[in-house]
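The structure under discussion appears below in the form of structure tokens.
No lab work stands behind these numbers, since they all come straight from the coordinates. Computed from a prediction, not measured in an experiment: that's the story for all the values here. Ideal geometry is used to build each Cβ from the backbone, glycine not excepted, and the neighbour counts take in all protein chains shown.
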Amino acid sequence: MPSIMEFLDSKHTQSLLRKGFGLYTLKGQVAVDKICRYESLEEDLEEVRQHLGLPEPLELPKAKSGVRKDKRHYSDVLSEAEKDRIADLFKDEIKLMGYQF
């Protein structure tokens, strides 16, 4: 299994960058009506469902629920170098969403 820094420097992270901020913005400005946050995904999707008038609640799969064995908060797991690398790679999303370590 790769280290966190190896993952951050991998093609997988570059793929995440391409699928992220640039997908829902134009010239750095948000170009969608709603951005659903992972940490409140069920509530956000319910809001979208109601807005669209869909008749039944959306059911999210629990595909990897319970897989993670290390339950520590991410801020207790990441080194300062890893936090700095994440902050650099995802600076646009972090600023837009008001995230902080």
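Below is a table of values for the structure above.
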{"quantity": "Some residue of region 48-65 being under 17 Å from the mean Cα position of the chain (by Cα) and touching a residue at least 60 places away in the same chain (Cβ under 8 Å)", "calculated": "no"}
{"quantity": "Residue count for region 31-79, restricted to those that are part of a helix (DSSP H, G or I), out of contact with any Leu (no Cβ under 9 Å at 6 or more places or on another chain) and not charged (D, E, K, R)", "calculated": "8"}
{"quantity": "Of all residues making up region 57-101, the number that are surrounded by fewer than 12 Cβ atoms within 10 Å (Cβ to Cβ), charged (D, E, K, R) and more than 17 Å from Phe21 (Cα to Cα)", "calculated": "10"}
{"quantity": "Residues of region 65-98 satisfying the condition of being within 22 Å of Ile35 (Cβ to Cβ) and of a type in the set (D, E, K, R)", "calculated": "Asp88, Lys91, Asp92, Glu93, Lys95"}
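The rows are residues; the columns are (1) out of contact with any Ser or Thr (no Cβ under 8 Å at 6 or more places or on another chain); (2) farther than 30 Å from Ser79 by Cβ; (3) touching a residue at least 60 places away in the same chain (Cβ under 8 Å); (4) not polar (S, T, N, Q).
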{"residue": "Leu8", "(1), (2), (3), (4)": "yes, no, yes, yes"}
{"residue": "Gln14", "(1), (2), (3), (4)": "yes, no, no, no"}
{"residue": "Lys27", "(1), (2), (3), (4)": "yes, yes, no, yes"}
{"residue": "Lys34", "(1), (2), (3), (4)": "yes, yes, no, yes"}
{"residue": "Arg37", "(1), (2), (3), (4)": "yes, no, yes, yes"}
{"residue": "Glu46", "(1), (2), (3), (4)": "yes, yes, no, yes"}
